[in-house]
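Inspection log for the structure reproduced underneath, given as structure tokens.
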Amino acid sequence: MKKILCVIALLALTSYSFGQKNKELSMNEETGLIEAVYFHDNGQISQKGTFNLERKLHGEWISFNEQGDKIAQGSYDNGLRTGTWLFWQGETIKEVKYENNTVASVNGVKSKDRLVKNDH
């Protein structure tokens, strides 16, 4: 039964995205999550992350600009932002902490020697 629901959910997401050629979806049988990768028009990855079977964002999500540089990284829990998110803006890194999908605190660091590496 669970497998049937997974297939139905995957088909629903696939048909929903049929008109949008700039994304890829796949089911991760091990985690039970749908893995998604979205692309900019130039082919670079725009966002990647996972959905649960209720089609809510769940797990780590990473966003990239059109040049492929990471601009945001954080986690969702059943559709709600949670924990520490990082946002890169030039030489500035903003650390935003979320509690119950609400911003709890914001810290910014401006540094040539970044404290958090911005790798792909």
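The values are calculated or read from the model by the stated rules, or taken from the named source; none is laboratory data. All of these numbers come straight from a predicted model, not from anything done at the bench. Counting neighbours? That spans all protein chains shown, and the Cβs are built from the backbone with ideal geometry, glycine included.
Points worth noting:
- Selection of the range 83-111 for residues being small (Gly, Ala, Ser) and more than 15 Å from Ser63 (Cα to Cα) yields Gly83, Ala104, Ser105, Gly108, Ser111.
- Every condition in (1) in contact with a strand residue (DSSP E or B) (Cβ under 7 Å, 6 or more places away or on another chain); (2) modelled with pLDDT under 80; (3) within 20 Å of Gln67 (Cα to Cα) holds for Trp88 except the one numbered (2).
- Residues in the range 62-111 that are more than 18 Å from the chain's Cα centre (by Cα) and not in a strand (DSSP E or B) were compared, and the one that is surrounded by the fewest Cβ atoms within 10 Å (Cβ to Cβ) is Gly90.
- Within the range 33-58, being acidic (Asp, Glu) and under 19 Å from Leu80 (Cα atoms) holds for Glu35, Glu54.
- Any hit, the range 14-32, residues being at pLDDT below 90, among the basic types (Lys, Arg) and either more than 25 Å from Gly68 (Cα to Cα) or in contact with a His (Cβ under 9 Å, 6 or more places away or on another chain) (or both): no
- Selected residue [of a type outside the set (Asp, Glu) and modelled with pLDDT of 95 or more] from Lys97, Lys112: Lys97
- The set of residues from the range 38-58 being loosely packed, with under 15 Cβ neighbours inside 10 Å and within 30 Å of Glu91 (Cβ to Cβ) comprises Asp41, Asn42, Gly43, Gln44.
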